[in-house]
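The values are calculated or read from the model by the stated rules, or taken from the named source; none is laboratory data. The structure presented is a predicted model; accordingly, all values stated were derived computationally and were not measured. All Cβ positions, even for glycine, are placed from backbone atoms using ideal geometry, and neighbour counts span all protein chains on display.
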C-alpha cells in the first residue's frame, strides 16, 4: 500500500512544482481535447502541427526583447501564430495552392526564422527551454494563463459548436443555409493558436501540439460522436499528463517528451484495441464474416 | 401561392467561362420541372445560380418575394464527409437550421418532427445509427428527410437518383410527388428520360443554350434529343472562344 502511495501520489504531495505541473496538464487537457478532435475531424491535423512550429518566431522575438518573460513570449507566440494562419489561409484562398501546402511553406519559413532569432541571443539551454518547455518550472502566472485560455476555448466552442461541426461535416449545406463557414473556420484557427501558446510554456512549442493531436486521434477509436470523442480525448490527455509526469519524476526524464510519449502509448493502445475500427475490432468482424 | 421564378436572358459560368447561355423563361410557382441535357450542358450550374450561390455573368433571376434562404438545395456530389462521427437523427435535425439558427436549442417536439421526417422516408428506428454505416440509398433517404424538415417552398435537386437503387428511387420519387401536391416549386436535374416522362409535367432541355422548355410531351421529341446530342458534340472545339467574345 505504502509502495503504491509512493509511486502514484507522493511526488505530488511532496513537491509544489509537481502539483503545478499536474494542474497545468489538467487545464491544458480540457482545452486541447476538443480543439484537437475538431482538427482531426476537419482533416487539419498537420495544420495544427504547422501552427505549433509557426508560433516559435513570435516567442523568440518576445524572448529577444525581454528574456524569459511569460507575457512577452506569450503575446509574441499568439501574434506569430495568427499571422501565419492568416497568411497561409489567404494564400490558399486566393491562389491555386492548397491549404496544407501553403501552411507547410509558411511554417517552415517561420520555424527557421524562430531558431535563428533565438540563436542570436542566449545559450542553447534557453533554446531548448523554448523548444521543449519546462513544465517543472510552471509558476502561478503560467497557471492563470493556461486556465484563462482553457476557459475562453471552452466557452467559445460551446457557442459556435453547431456551425463548426456542420462546417466540418457538410460545408455545402452550411453555405446553402447562409451559415458563416469562413468566419467559423477563422475563429477556430484562433482557438488552435491560443491553445498551442498555452501549451508552449509547459511542453515547449514543438511538443505542445502532441497533447492536442495524440489524444484526439486516439479518441476516434472509442467514440462515435463528436462530443463524446472530445470527452474521451480530454480524459486521455489528462491521463497522459498524470502518467507522463510520474514517469518523468521516477525515471528522471524531461517532462514534456515523457508526457507526449505516454500519450503516444495510449494512441498505440487505441489503434490496436479500440472499440471502433481498430485493428482488433476489424479482425473480430473479419472472423465473424469468415465463420 | 408561391411566386414564380423568372429568368431574364440569364448567363451563368465560372471564371468568366459561361456554362448556361441566354436562358429566358419561367418556373411557375408550384410547377414541377425536370432539367435534362447532355453532360456539361450547364444543368448543375443552373441550379447553383438559382440558389444564389453563383452570381450571373449576365442577365438576372427574378425571385419575386422568395428569399434565397427559402430554396432547399441538394447538390449532386454533396461535399459530405461520410466518415464523420454524427448520428442519423442529428443529420436530419440540421434541416431545422432556419428556425433554430446557429445557436438555438432543439425542443422536444422538434426532435419528434425529426423522427417523423425519418419515418416518412422509411428509416424508422435509425435515429442513433452513425451515418458511416448507411448504404448509399439509405444516406440519400436521410438527406431527403433533412429536406422535409427544411420545409422550403422551392426545392432544387441535382441528379438525386444517380447510383441509387430502384426501390429507394421509387420511394423518393413518391416524396417528390407529395411535395408537388403541396404545390411547392420543384426543379430536378435528371438523366433518366423514363422518370421524366412518367413523373414530371414540365421539362427544360438544356445544351448550354436552351433547346426547349414546356410540357414534357412536347419537349421530349426525337428531334430535340437529336439536336441536344449534336450541340454537345459541336462544343468541344469551338466553345470557349466564341462564347466569351459574346459577353
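The table below lists the values:
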quantity	calculated
Residue among A:50, A:72, A:54, A:21 that is part of a helix (DSSP H, G or I) and free of Cβ contacts under 8 Å to residues at least 24 places away in the same chain	A:72
Residue list for the stretch B:48-72, filter: assigned to a helix (DSSP H, G or I) and either touching a helix residue (DSSP H, G or I) at 6+ places or on another chain (Cβ under 8 Å) or closer than 12 Å to residue B:204 by Cα (or both)	B:51, B:68, B:69
Answer residue from the stretch B:91-100, given it is at the interface with chain A (Cβ under 9 Å from one of its Cβ atoms) and surrounded by fewer than 21 Cβ atoms within 10 Å (Cβ to Cβ) and is nearest to residue A:156 (Cα to Cα) among those	B:100
Residue in the stretch A:79-90 that is more than 27 Å from residue A:245 (Cα to Cα), at pLDDT below 85 and surrounded by fewer than 16 Cβ atoms within 10 Å (Cβ to Cβ) present	yes
One residue from B:92, B:121, B:88 being assigned by TED's automatic domain parsing to the domain that holds residue B:146, touching a strand residue (DSSP E or B) at 6+ places or on another chain (Cβ under 9 Å) and modelled with pLDDT of 90 or more	B:88
Some residue of the stretch A:182-198 being within 14 Å of chain B (Cβ to nearest Cβ), at pLDDT 90 or above, closer than 30 Å to residue A:3 by Cα and assigned to a helix (DSSP H, G or I)	no
Unique residue being closer than 30 Å to residue B:48 by Cα and modelled with pLDDT of 90 or more when the list is A:149, A:160	A:160
Qualifying residue in the stretch B:10-23 (condition: touching a strand residue (DSSP E or B) at 6+ places or on another chain (Cβ under 8 Å), farther than 30 Å from residue B:133 by Cα, without any contact (Cβ under 8 Å) to a residue 40 or more places away in the chain and assigned to a loop (DSSP other than H, G, I, E, B))	no
The listed residue being on the phi < 0 side of the Ramachandran plot and away from chain A (no Cβ under 14 Å), out of B:44, B:31	B:31
Test result for residue A:217, at pLDDT 90 or above and out of contact with any strand residue (DSSP E or B) (no Cβ under 9 Å at 6 or more places or on another chain)	yes
Residue B:158, sole failed condition from (1) in contact with a helix residue (DSSP H, G or I) (Cβ under 6 Å, 6 or more places away or on another chain); (2) within 30 Å of residue B:27 (Cβ to Cβ); (3) within 9 Å of chain A (Cβ to nearest Cβ); (4) buried (at least 18 other Cβ atoms within 10 Å of the Cβ)	(3)
Failed criterion for residue B:85 (all others in (1) assigned to a loop (DSSP other than H, G, I, E, B); (2) surrounded by 14 or more Cβ atoms within 10 Å (Cβ to Cβ); (3) away from chain A (no Cβ under 14 Å) hold)	(3)
Residues within the stretch B:126-143 that are in a helix (DSSP H, G or I) and in contact (Cβ under 8 Å) with a residue 40 or more places away in the chain, tallied	5
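Residue-wise test of (1) within 19 Å of the chain's Cα centre (by Cα); (2) outside any helix (DSSP H, G or I); (3) within 14 Å of another protein chain (Cβ to nearest Cβ); (4) touching a residue at least 60 places away in the same chain (Cβ under 8 Å).
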{"residue": "A:106", "(1), (2), (3), (4)": "no, no, no, no"}
{"residue": "A:111", "(1), (2), (3), (4)": "yes, no, no, no"}
{"residue": "A:129", "(1), (2), (3), (4)": "yes, no, no, yes"}
{"residue": "A:155", "(1), (2), (3), (4)": "yes, no, yes, no"}
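Yes or no, residue by residue, for (1) modelled with pLDDT of 90 or more; (2) in the same structural domain as residue B:110 (by TED's automatic domain parsing); (3) under 30 Å from residue B:231 (Cα atoms):
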position: B:133; (1), (2), (3): no, yes, no
position: B:147; (1), (2), (3): yes, yes, no
position: B:159; (1), (2), (3): yes, no, yes
position: B:188; (1), (2), (3): yes, no, yes
position: B:196; (1), (2), (3): yes, no, yes
position: B:205; (1), (2), (3): yes, no, yes
